[in-house]
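Colleague: Just passing along the structure, written as C-alpha cells.
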Amino acid sequence: MQQRLGRAPARAAAPLLAASLRAPASAHRVILGVDPSLRSTGYGVIRQAKPHPVALGHGTISCPPNWEHSRCLVKISQTLREVLHEHQPTVCVAEGLFYAQNLQTAIVMGEARGAALAVIAEAGLEIYEIAPRKVKQAIVGYGAAQKSAVAKMVQRLLNLPKPPAPDAADALALALAHAQENSRYNLTPPKRI
C-alpha cells in the first residue's frame, strides 16, 4: 500500500537515548591518569580487574625549582613516553582545568598540561578530563576532600602497601574515577578532549 502512495517504507522507531545509555562496548582495560604540573606531574596506571583494579605503576615527575621551564617540559614529555611504552594504556584521563586567580600560574600549568597531552595524543590514546571536585567525590565521597584523604582511599582501593605520593595519588584517583564512571550506564558521556 505504501508503494502505491509513493511513500517510503516506515522505519522501526529507535529509542532516542539508546546509544548514550549503553555501557561502552570496548571498555578500556588499562587507564593512564595524569595530574599535570610543571614541577611535580603525577601519573598513575591501573588495569581494570575483578574484584578490584590493580595499580601497574605510578609516580611523580619532579623538576627542581632552578630548572628552566623548557627543561621541565622535556622531562615531562620523555617520562610520559616511557610510561606509555612500558604499560601500553588504552585511554588517558587528565585533571580538568581549574580557575586560577594568578595569570602566570595558569600559563605555566597550561604549558605542563600541553606537554603531557601532546605526548599522549601523539600515542593515539583517547583523552578525557574530569574536574578535581568530581574525582574527590567519586573516590572519597566528598568533593572538597584533602589530598591525604584521597591518598588513603586510593591506597585502600588498590591494595597498596602505603599511600602513594600526593600527585601520584591524584593521578591514580583520576584513573579510578574514569573506570568507575565508565563501568555504569551514563546519561552524560565523559568529557573527551
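The values are calculated or read from the model by the stated rules, or taken from the named source; none is laboratory data. All values reported here derive from a predicted model rather than from experimental measurement. All Cβ positions, even for glycine, are placed from backbone atoms using ideal geometry, and neighbour counts span all protein chains on display.
Colleague: Residues to consider are Ile193, Ile127, Ile120; find the one that is at pLDDT below 95 and among the aliphatic types (A, V, I, L, M). Even if it seems obvious, please write down each step before you answer.
Modeller: Working: Ile127 fails: at pLDDT below 95; Ile120 fails: at pLDDT below 95.
From the options Ile193, Ile127, Ile120, the qualifying one is Ile193.
Colleague: Continuing with the same structure: Kindly check whether there is at least one residue in the stretch 76-84 that is of a type in the set (A, V, I, L, M, F, W, C), surrounded by fewer than 17 Cβ atoms within 10 Å (Cβ to Cβ) and either in contact with a Cys (Cβ under 9 Å, 6 or more places away or on another chain) or touching a residue at least 40 places away in the same chain (Cβ under 8 Å) (or both). If you could, list the steps in order and put the result at the bottom.
Modeller: Step one: filter the stretch 76-84 for residues of a type in the set (A, V, I, L, M, F, W, C), giving 76, 80, 83-84.
Going one step further and asking which of them are surrounded by fewer than 17 Cβ atoms within 10 Å (Cβ to Cβ), we end up with none.
No, every residue in the stretch 76-84 fails to be of a type in the set (A, V, I, L, M, F, W, C), surrounded by fewer than 17 Cβ atoms within 10 Å (Cβ to Cβ) and either in contact with a Cys (Cβ under 9 Å, 6 or more places away or on another chain) or touching a residue at least 40 places away in the same chain (Cβ under 8 Å) (or both).
Colleague: Let me ask something else about it. Restricting attention to the stretch 76-90, report how many residues are closer than 26 Å to Arg133 by Cα and touching a helix residue (DSSP H, G or I) at 6+ places or on another chain (Cβ under 7 Å).
Modeller: Total satisfying the criteria: 2.
Colleague: If you don't mind, there's one more thing I want to ask. Could you run through the stretch 21-45 and say how many residues are outside any loop (DSSP other than H, G, I, E, B) and either of a type outside the set (A, V, I, L, M, F, W, C) or at pLDDT 90 or above (or both)? Steps first, answer last, please.
Modeller: So the first thing to find is which residues in the stretch 21-45 are outside any loop (DSSP other than H, G, I, E, B), and the list is 21, 30-35, 40-45.
Within this subset, residues satisfying the condition of being either of a type outside the set (A, V, I, L, M, F, W, C) or at pLDDT 90 or above (or both) are 30-35, 40-45.
Number satisfying all stated conditions: 12.
Colleague: Right, next: Report yes if some residue within the stretch 176-191 is under 23 Å from Ala49 (Cα atoms) and in contact with a Ser or Thr (Cβ under 8 Å, 6 or more places away or on another chain); otherwise report no. Reasoning before the result, please.
Modeller: Start the filter on the stretch 176-191 by keeping residues that are under 23 Å from Ala49 (Cα atoms), which leaves 176-186, 189-190.
Going one step further and asking which of them are in contact with a Ser or Thr (Cβ under 8 Å, 6 or more places away or on another chain), we end up with 186, 189.
Yes, because at least one residue in the stretch 176-191 is under 23 Å from Ala49 (Cα atoms) and in contact with a Ser or Thr (Cβ under 8 Å, 6 or more places away or on another chain).
Colleague: OK, next. Checking the condition aromatic (Phe, Trp, Tyr) and buried (at least 18 other Cβ atoms within 10 Å of the Cβ), which residue from Tyr142, Tyr128 passes?
Modeller: Working: Tyr142 fails: buried (at least 18 other Cβ atoms within 10 Å of the Cβ).
The unique qualifying residue is Tyr128.
Colleague: With respect to Arg156, determine if the residue is without any contact (Cβ under 8 Å) to a residue 40 or more places away in the chain, within 19 Å of Ala179 (Cβ to Cβ), loosely packed, with under 13 Cβ neighbours inside 10 Å and over 15 Å from the mean Cα position of the chain (by Cα). Walk me through it before giving the result.
Modeller: Working: without any contact (Cβ under 8 Å) to a residue 40 or more places away in the chain: yes; within 19 Å of Ala179 (Cβ to Cβ): yes; loosely packed, with under 13 Cβ neighbours inside 10 Å: yes; over 15 Å from the mean Cα position of the chain (by Cα): yes.
Considered against the rule, which asks whether it is without any contact (Cβ under 8 Å) to a residue 40 or more places away in the chain, within 19 Å of Ala179 (Cβ to Cβ), loosely packed, with under 13 Cβ neighbours inside 10 Å and over 15 Å from the mean Cα position of the chain (by Cα), Arg156 comes out as yes.
Colleague: Please determine, by comparing only the residues of the stretch 116-142 that are among the hydrophobic types (A, V, I, L, M, F, W, C) and in contact (Cβ under 8 Å) with a residue 60 or more places away in the chain, which one is nearest to Gln155 (Cα to Cα).
Modeller: Filtering the stretch 116-142 down to residues among the hydrophobic types (A, V, I, L, M, F, W, C) leaves 116-121, 123, 125, 127, 130-131, 135, 138-140.
Keeping just the survivors that are in contact (Cβ under 8 Å) with a residue 60 or more places away in the chain gives 116-117, 120, 125, 127, 130.
Numbers: Ala116: 25, Leu117: 26, Ile120: 26, Leu125: 26, Ile127: 24, Ile130: 20 Å.
Checking each candidate, the answer is Ile130.
Colleague: Report, by residue number, each residue of the stretch 91-108 that is within 25 Å of Leu176 (Cα to Cα) and touching a Leu at 6+ places or on another chain (Cβ under 7 Å).
Modeller: Step one: of the stretch 91-108, the residues within 25 Å of Leu176 (Cα to Cα) are 91-99.
Correct list: Val91, Cys92, Val93, Ala94, Glu95.
Colleague: Quick one: in the stretch 86-117, of everything that is among the aliphatic types (A, V, I, L, M) and outside any helix (DSSP H, G or I), which residue is nearest to the chain's Cα centre (by Cα)? Working first, answer last.
Modeller: Of all residues in the stretch 86-117, those among the aliphatic types (A, V, I, L, M) come to 91, 93-94, 97, 100, 103, 106-109, 112, 115-117.
Cutting the leftovers down to outside any helix (DSSP H, G or I) gives us 91, 93-94, 97, 100.
Details: Val91: 8, Val93: 2, Ala94: 4, Leu97: 12, Ala100: 21 Å.
Only one residue tops the list, namely Val93.
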